[in-house]
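In what follows, a single structure is set out as structure tokens and then discussed.
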Amino acid sequence: MSGKTTVVAAVLALCVACGVAHARTQELRIAQQYGFSYLQLMYMQHDRLIEKHAQAAGLGDVNVTWARFAAGNVMNDALLSGSLDIASGGLAPPIILWDKTRESLDVRMIAAMVTAPLFLNTTNPRIRSVKDFTSSDRIGLPAVKVSNQATILAMAAAQELGKDKADSLNRLTVAMSHPDGVAALRNGAIDAHFTSPPFQQIELADPRVHRVLSSYDVMKGPLTFTVLWTTSRFRNENPKLYTAFLEALDEATRMINADKHAAAQRYVDAVKSKEPVDDVYRMLSDRDIEFTTTPRQIGNYAQFMFEDGLIKHRPASWKDLFFDNIHALPGS
């Protein structure tokens, strides 16, 4: 079955089930991915922050369930099928879904979570830029064509090889989760890995590994890495629960920024990481990493996606891609 057919089938399935979905107000299903860029969600889960704010809003007991996915495109399928309420991940998947659902579910982003650089690392001393990749090389990333890393790689190729070569490296990419990518790079199964914190720092601790590029180099400055997204239907039918989620997100963000060492401990405990807490603390304290709900450079990112044919509609500004609850923030 083609990807287009799968999406259509998922939308039809959601429409058939809409009667059940309309009645559900006391359940919230959230998905996250791998890495400390999802720390706010870890805090929200551990401290039951959504449940706390829902109680304060008079919603009573709310059942919040959590799932973990390897990539945002898989979350999109779950969101379309009605088996997920809120997704989290990189920019490309929600922007693609915004483009596809403008006349139906109207998927938009809720808020940013983390501004952080993404590194393309390699163990091959021959590879110093995207110009050095050959047909025999393999690049691991979360999802082919439709992940943050895939889009940044296309941007880098357009800048260094020419706009007509933006997609020339797609054939070298292999989809894998961040943890699997670390292992594959170490054992030689792939030549390079385009990943995220803390996996990129873990890789660079190996003397065989060096960085080829950073997303900040490609974007000429900080770029939002992780965001949250949902459907207008869910937001409109559950306004108090949506607001409780936002309040929990803001509280979790404040808690992280108030005590980065405690946040490092929380991450190590949550994922049972083998990394020492102090090492994670140093990563979290990197001046290039910011836990914030304010979007950074999303308009420029979406503009490239439009020019590259990944989306058919050009957003007039970053605000087109987000619900209005964060429009007052100094985003871009």
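Each value in this text was obtained by applying a stated rule to the coordinates, not by laboratory testing. Bear in mind the structure is a predicted one, so any value in this text is a computation, not a measurement. For neighbour counting, all protein chains shown are included, and Cβ atoms are generated from backbone atoms with ideal geometry for every residue, glycine included.
Computed about its Cα centre, the charge dipole of the chain is approximately 480 debye, with only Lys, Arg, Asp and Glu carrying charge at their Cβ.
Over the chain, dividing the summed -39,500 (n - 2.57) contributions of all DSSP H runs of at least 4 residues by the number of residues returns a 222 nm mean residue ellipticity of -13000 deg cm²/dmol. Summary of the geometry: the stretch 206-247 and the stretch 99-113, compared by the centres of their Cα atoms, lie 13 Å apart. Among all helices in the chain defined by DSSP H, which have a length of 18 Å or more along the axis from Cα atoms plus a Kyte-Doolittle mean of at least 1.6? Once both thresholds are applied, what remains is 3-16. Where Lys and Arg each count +1 and Asp and Glu each count -1, what net charge lies around His313 among other residues with Cβ under 11 Å from its Cβ? Taking every other residue near His313 into account, the sum is +1. By the gyration tensor of its Cα atoms, with a ≥ b ≥ c the square roots of the eigenvalues, what is the shape of the stretch 208-332: rounded for a/c under 1.5, prolate for a/b over b/c, or oblate? Oblate is the answer for the stretch 208-332, as a/c is 1.5 or above yet b/c matches or exceeds a/b. Summing +1 for each Lys or Arg and -1 for each Asp or Glu among the other residues whose beta-carbon sits under 12 angstrom from that of Glu160 gives +2. Normalising the average separation of contacting C-alpha pairs (under 8 angstrom, six or more residues apart) by the number of residues puts the relative contact order of the chain at 25 percent. Neighbour counting of Cβ atoms within 10 Å sorts the residues Phe36, Phe133, fewest neighbours leading, into Phe133, Phe36.
Remark: for residue pairs Lys131/Lys165; Lys240/Lys260; Lys52/Lys240, the C-alpha separation exceeds 19 Å in Lys240/Lys260. Which order results if Ser147, Ser285 are arranged by neighbouring Cβ count within 10 Å, fewest first? Ascending Cβ contact count within 10 Å gives the list Ser285, Ser147.
For mean projected area of the Cα convex hull in nm², several values are listed as (i) 20.3; (ii) 17.6; (iii) 16.5; flag the one computed from this structure. Entry (iii). Run the numbers for Asn236 and Ala183: contour at 0.36 nm per residue of separation, minus the present Cα-Cα distance, in nm. Stretched fully, the Asn236-Ala183 segment lengthens by 14.8 nm.
Listing Tyr281, Tyr301 from fewest to most neighbouring C-beta atoms within 10 Å gives Tyr281, Tyr301.
Estimated from the Cβ-Cβ distance and a Förster radius of 45 angstrom, the FRET efficiency linking Asn257 and Asp132 is about 0.70.
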